[in-house]
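Participant: The structure under discussion is supplied below as structure tokens; questions concerning it will follow.
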Amino acid sequence: MAEKQAPTKGLRKVLGLTSLFIISIGLVVSQSSVVSILQGAGLGGGSFFIAILIAFILTLCYISTYSELALMMPKAGSISTFTSVSIGHFPAIVATLSAYIAPNVFSAPAELILMQHVLDSMAPGSFPNIALASLWLFAILNMLGVDLFASIQSIISFTMLLTLLVIGIVGLTNSPLQGIAPINIFSQLVHTDSAVFSLVLIALWPFVSFEVVCDLIEESKNPVRHIPKAMFLAGTTMFVLYSLLCVVAIMQVPAAQLVGTDIPHWVLGKAIFGNTGKIIIVVLAITTTCGLINASLAAVPRLLFGMAHLKQLPAIFMRLHPKFKTPWVGILFLTVIVTVPIFIFKNNPDALLLLVISSASCWLLTYIIAHIDLIVLRKKYPHYKRPFTSAFFPLLQIIGIAGMMYAFINNAPTPGLRWKVYTNVALFIGVTALYAFFWVKFKMKKNLFEPEDIEQAIAD
């Protein structure tokens, strides 16, 4: 079948490789990512590197799958488009809303509240509304244009990466050590046991969401070359930096201190730099949180834009700003629904821990669906043009499905918390499934599992 990829209308093509790489980093690296790495280092010691390596392999699997799917169907809807064509609109809506909208409602407020917690640790009471102010500032900046967003994101992400690199390099040379000597870290790695597999989800969370950059594909100057390369480069960069951060944490801080606090990066900063470390960690907290919020406000509204294009959401989400050509309705919608939990859980970062884990679990289910999409579409459209082809098909997809299922089943350290997570995931999926059922059945007037024709799905 001949490829049909008509020129896109509306969204401006302004993003090059550097911008997409920076956005990929910003979508993934957050305070909760850093906290996961540091607490995983405290729990697993040298053995945690095995968990990081497994997480990196699973990341390469899903990046490979999304690269093929995104370039085969280059639309802003991403997973909603892929799943609509492979197995129908009902699972497409459920997968997209439960894994991208619901998690942002909880993980984004958690990030903002955690940033405020770090700032309050340094200067109590000095930043009472910094979370809300940051959220709405970046919402306005995103409405003003994706090129402005990309410039701001470049500054934020570069500062964040430089801060992580400084912590890593200085931490390697800092003495005396308060943690474990390098030779003992290596010994723990060599003599690891099966307990390390219980840490896979902790290691995987810091690698989740590189694929969201695919929702900017219609604004990419050269998506065929740049989308896969940006994700693979970003994933590899963070694998190196996370590993470096893990080594430094194990060397510089006793394990009990890393595990016993909700801000282990604050503890690590003080261990390496003394009081100066407080300033460095504040910079890290601000850049990681602002980078994540800024990138989410860019990518997720494009996802809503793509879903509206497929008639899976009301047409209002397709509205673009007349001057800046940004999906302002989606940006405003996301900002409002993130604002509500900030008011509810204000100054209480621990209250959102369960919901963040639940969000991560929903994300894993969507990765499983994406791998299934690729397997189905390889069989359904064997001759359709694919600018990028996932290597070793279907091995990477099988590894990805198995790994994500394992991480989902073992998503919490205790059985009690695990069942609470299962309950929240069921609630997320149940609500979105209810919406999807009535919308597909009565508004779209389609069968729930009736696949969309690929030509129709990617038509402008």
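The values are calculated or read from the model by the stated rules, or taken from the named source; none is laboratory data. Nothing here was measured: the structure is a model prediction, and the numbers come from that model. Cβ: placed from backbone, ideal geometry, glycine included. Neighbour counts: every protein chain shown.
Participant: Right, Ala203: crowded, with 24+ Cβ neighbours inside 10 Å and under 29 Å from Thr326 (Cα atoms) or not?
Facilitator: Here the answer is no, as Ala203 does not meet what is asked.
Quick grid of which residues meet (1) in contact (Cβ under 8 Å) with a residue 60 or more places away in the chain; (2) aliphatic (A, V, I, L, M); (3) in a helix (DSSP H, G or I):
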residue	(1), (2), (3)
Leu164	yes, yes, yes
Gly171	yes, no, yes
Pro176	no, no, no
Leu189	yes, yes, yes
Ala195	yes, yes, yes
Ala234	yes, yes, yes
Val247	yes, yes, yes
Thr261	no, no, no
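Participant: Same structure, new question: Residues Leu60, Leu112: which one is surrounded by fewer than 24 Cβ atoms within 10 Å (Cβ to Cβ) and out of contact with any Cys (no Cβ under 8 Å at 6 or more places or on another chain)?
Facilitator: None of the others qualify; the one that does is Leu60.
Participant: Could you tell me which numbered condition Met405 fails, if it satisfies all but one of (1) under 24 Å from Ile217 (Cβ atoms); (2) in contact with a helix residue (DSSP H, G or I) (Cβ under 7 Å, 6 or more places away or on another chain); (3) not acidic (Asp, Glu)?
Facilitator: (1) is the only condition that Met405 fails.
Participant: So, Ile57, is that one of a type in the set (A, V, I, L, M, F, W, C) and farther than 17 Å from Gly235 by Cβ or not?
Facilitator: The answer is no for Ile57.
Participant: Right, another one. Quick check: is even one residue across segment 365-384 at pLDDT below 90 and assigned to a helix (DSSP H, G or I)?
Facilitator: Looking for residues that are at pLDDT below 90 and assigned to a helix (DSSP H, G or I), one finds at least one in segment 365-384, hence yes.
Participant: Residues in segment 384-419 that are closer than 21 Å to Pro228 by Cβ and not aliphatic (A, V, I, L, M): how many? Walk me through how you get there before you give the answer.
Facilitator: Restricting attention to segment 384-419, the residues satisfying the condition of being closer than 21 Å to Pro228 by Cβ are 384-401, 403-404.
Checking which are not aliphatic (A, V, I, L, M) leaves us with 384-390, 392-394, 397, 400, 403.
Residues in segment 384-419 being closer than 21 Å to Pro228 by Cβ and not aliphatic (A, V, I, L, M): 13 in total.
Participant: Taking Leu303 as the residue in question, decide whether it is touching a residue at least 60 places away in the same chain (Cβ under 8 Å), buried (at least 24 other Cβ atoms within 10 Å of the Cβ) and assigned to a helix (DSSP H, G or I).
Facilitator: Yes: the conditions hold for Leu303.
Participant: Residue by residue through segment 202-235, note down the ones that are over 12 Å from Val28 (Cβ atoms) and aromatic (Phe, Trp, Tyr).
Facilitator: The answer is Phe232, and nothing else.
Participant: Limited to segment 383-437, what total is found for residues that are closer than 27 Å to Glu455 by Cβ and without any contact (Cβ under 8 Å) to a residue 40 or more places away in the chain?
Facilitator: 2
Participant: Quick check: anything in segment 441-448 modelled with pLDDT of 90 or more, outside any helix (DSSP H, G or I) and under 25 Å from Tyr66 (Cα atoms)?
Facilitator: yes
Participant: Identify all residues within segment 48-81 that are in a helix (DSSP H, G or I) and modelled with pLDDT under 90; write none if there are none. Working first, answer last.
Facilitator: Start the filter on segment 48-81 by keeping residues that are in a helix (DSSP H, G or I), which leaves 48-72, 79-81.
Residues satisfying the conditions are Ile79, Ser80, Thr81.
Participant: Next question. Among the residues of segment 331-364, write down those that are surrounded by fewer than 21 Cβ atoms within 10 Å (Cβ to Cβ), at pLDDT 80 or above and of a type in the set (Phe, Trp, Tyr).
Facilitator: Phe333
Participant: To continue, here is another question. Hey, any hits in segment 262-276 for a residue that's among the aromatic types (Phe, Trp, Tyr), over 16 Å from Ile113 (Cα atoms) and buried (at least 19 other Cβ atoms within 10 Å of the Cβ)?
Facilitator: For segment 262-276, residues among the aromatic types (Phe, Trp, Tyr), over 16 Å from Ile113 (Cα atoms) and buried (at least 19 other Cβ atoms within 10 Å of the Cβ): absent.
Participant: Any idea which of Ser187, Ser198 is under 30 Å from Asn104 (Cα atoms) and either surrounded by fewer than 18 Cβ atoms within 10 Å (Cβ to Cβ) or of a type outside the set (Phe, Trp, Tyr) (or both)?
Facilitator: The conditions single out Ser198.
Participant: For Leu71, indicate whether it is surrounded by fewer than 24 Cβ atoms within 10 Å (Cβ to Cβ), in contact with a Pro (Cβ under 9 Å, 6 or more places away or on another chain) and of a type in the set (A, V, I, L, M, F, W, C).
Facilitator: Details: surrounded by fewer than 24 Cβ atoms within 10 Å (Cβ to Cβ): yes; in contact with a Pro (Cβ under 9 Å, 6 or more places away or on another chain): yes; of a type in the set (A, V, I, L, M, F, W, C): yes.
Taking the combined requirement at face value, the residue satisfies it.
Participant: Let me ask you something else. Considering Gly179, Gly171, which residue is surrounded by 18 or more Cβ atoms within 10 Å (Cβ to Cβ), over 23 Å from the mean Cα position of the chain (by Cα), at pLDDT 85 or above and closer than 19 Å to Ile263 by Cα?
Facilitator: From the options Gly179, Gly171, the qualifying one is Gly171.
Conditions tested, residue by residue: (1) of a type in the set (A, V, I, L, M, F, W, C); (2) in contact with a Leu (Cβ under 6 Å, 6 or more places away or on another chain); (3) within 30 Å of Ile375 (Cβ to Cβ).
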site: Phe90; (1), (2), (3): yes, yes, yes
site: Ile93; (1), (2), (3): yes, no, yes
site: Ala110; (1), (2), (3): yes, yes, no
site: Asn129; (1), (2), (3): no, no, no
site: Ser154; (1), (2), (3): no, no, no
site: Leu164; (1), (2), (3): yes, yes, no
site: Leu177; (1), (2), (3): yes, no, no
site: Ala181; (1), (2), (3): yes, no, no
